[in-house]
Amino acid sequence: MNAPHLHLILNHVPTIGSAIALGLLLLGLLRRQEALTRVSLEVFYVIALITLPAYLSGVATGMELEKMPDVSVEAIQKHHDGALVAFLLMLFTGLASWLGLWHWRRAARPSGINIGIVLVLSLLTLTTMAGTATMGGEIRHPEMTLEGAEPTAGPTWIHAASIQSLVTDHTWIWPSLEALHFIGLWLLFGVVLLVNLRMLGMMKSVAFSALHRMLPWAVLGLGINILSGMMWVIATPEQYMSNVSFFWKMGFLLLAGLNLLYVTAFDEAWQVGANEDASFGNKAIAFGAIASWVCVMYFGRMLPFLGNAF
Amino acid sequence: MSLATTVSIVVICVLIVVGVIGFAIDKYADKTDTSA
């Protein structure tokens, strides 16, 4: 399987997935079923995670398509610009959903403001995602445009090419992103290590719920790293898109991201009290999470050595 | 301004923003905490 094949599989997930999650959210609110609302937040978070490989495989596909003589480079760039906006909106929807789940776990009730924010963000995301999907379709399927109608317009206020020039033309941006990426990493890994080591049996006198309140710091670190990493990928896609180390890094990042959802929202982890042992299953998940984050760091560090970056 | 100075200023500014958001969320956790 190559990147275009992967993109063809994944590119429907953000649009259809966010429509399903939004449907669940609306249904939960209308029927006043909190369990349904909570599931919708979990689905938004998972869809936001899957949007990352959908976007990255799209960048790789664009690079392949640009080599073909009968494909409009302008249409590809327009789709990329739309995807960038849609990805950022999906990222913020995922972060807001995660924050809602974190609050819900701690307060044992949902936050009305948070649900409102997720609802607005998800509506924006779905609209933008649907437009982006249409632009993607128009690249190879001009027959889908109605006769006499103009192709879908891309965003005018943000362009991937502008971000590329911004990063490559200013010498201070790359090292600033490097510094922030490393600080984001230790913020994230520090908290993840604490939470998962507790699950493995260390710091037994501390209840899991006491460490749970640290999780937003980990997610802030993750946010810094996704944004800084995205800027590098947009600036120099050729360093990442044919880099085996980068694909392994992204794979482990998805696994580690799922663990973050588990420790945030699931009952099994939350119920581990002071001086209590976590179950074998929880310990296995904690070990897997630490291993996944170590692999994310390892393959990130190996980008120039196993792959072709820098 | 040297490259090191520019990078330091940018990084410190971003960290201040992240710190403010992080502490605001932590304060918010105090108000709703039922775990104790």
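Coordinate-derived values only; no laboratory data. Predicted, not measured: the structure shown is a model, and the values here were computed from it. Heads up, the Cβs are rebuilt from the backbone with ideal geometry, glycines too, and the neighbour counts pull from every protein chain shown.
What the table below lists for this structure:
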item: Kirkwood hydrodynamic radius over Cα pairs of the protein assembly as shown, then Stokes diffusion coefficient at 10 °C and 1.306 mPa s, in µm²/s; result: 74
item: Projected area averaged over orientations for the range A:159-310, convex hull of C-alpha atoms, nm²; result: 9.4
item: CD proxy at 222 nm, helix term only [per DSSP H run n ≥ 4: -39500 (n - 2.57); per residue of chain A; nearest 500]; result: -26000 deg cm²/dmol
item: Net lengthening on full extension, A:Arg140/A:Gln77 (0.36 nm per residue, minus Cα-Cα); result: 21.3 nm
item: Rg over Rh, two decimals, the range A:129-217 (C-alpha only, Kirkwood Rh); result: 1.28
item: Calculated FRET efficiency for the pair A:Val244/B:Ala4, C-beta based, R₀ 45 Å, to 0.05; result: 0.85
item: Furthest towards positive pole of dipole, A:Trp217, A:Ala256, A:Ala278, structure part the range A:159-310, Cβ charges; result: A:Ala278
item: Chain A: DSSP helices with Cα axial extent of at least 18 Å and average Kyte-Doolittle hydropathy no lower than 1.0; result: A:12-30, A:34-65, A:112-140, A:173-200, A:215-235, A:244-265
item: Cα centroid separation, the range A:190-226 to the range A:34-60 (Å); result: 22
item: Loop trypsin sites (Lys or Arg not before Pro), the range A:22-63 (other Cβ atoms within 10 Å of the site Cβ: 12 or fewer; DSSP); result: A:Arg31, A:Arg32
item: Isotropically averaged projected area of the range A:16-87, using the convex hull of Cα atoms (one quarter of hull area), nm²; result: 5.3
item: Chain A - percent relative contact order, Cα under 8 Å, separation 6 or more; result: 17
item: Distribution of pairwise C-alpha distances over the range A:1-122, 10 Å bins, in %; result: 14, 39, 25, 15, 6, 1
item: Most mobile of A:His212, A:His103, A:His170 in a GNM of chain A (Cα contacts under 10 Å); result: A:His170
item: Least to most buried among A:Val167, A:Val120 (fewest other Cβ within 10 Å first); result: A:Val120, A:Val167
item: Fewest-first sequence of A:Met199, A:Met241 by Cβ atoms within 10 Å of each Cβ; result: A:Met241, A:Met199
item: Neighbour-limited loop hits for GluC sites (Glu not before Pro), the range A:177-286 (at most 16 other Cβ within 10 Å; DSSP other than H, G, I, E, B); result: A:Glu276
item: Debye equation applied to the C-alpha atoms of the range A:80-170, log10 I(q)/I(0) at 0.11, 0.23, 0.26 Å⁻¹; result: -0.47, -1.06, -1.19
item: The range A:147-182 versus the range A:1-26: alpha-carbon centroid distance in Å; result: 23
item: Alpha-carbon centroids, the range A:240-256 and the range A:265-310: separation in whole Å; result: 15
item: Cβ-derived FRET efficiency at R0 25 Å, A:Thr236 paired with A:Val206, nearest 0.05; result: 0.05
item: Residues A:Gln33 and B:Asp30, FRET efficiency given R0 of 30 Å [Cβ-Cβ distance, rounded to 0.05]; result: 0.55
item: GNM flexibility winner over chain A from A:Phe280, A:Phe252, A:Phe299 (Cα, springs under 10 Å); result: A:Phe280
item: Where trypsin sites (Lys or Arg not before Pro) fall in DSSP loop in the range A:61-110, at most 15 other Cβ within 10 Å; result: A:Lys67
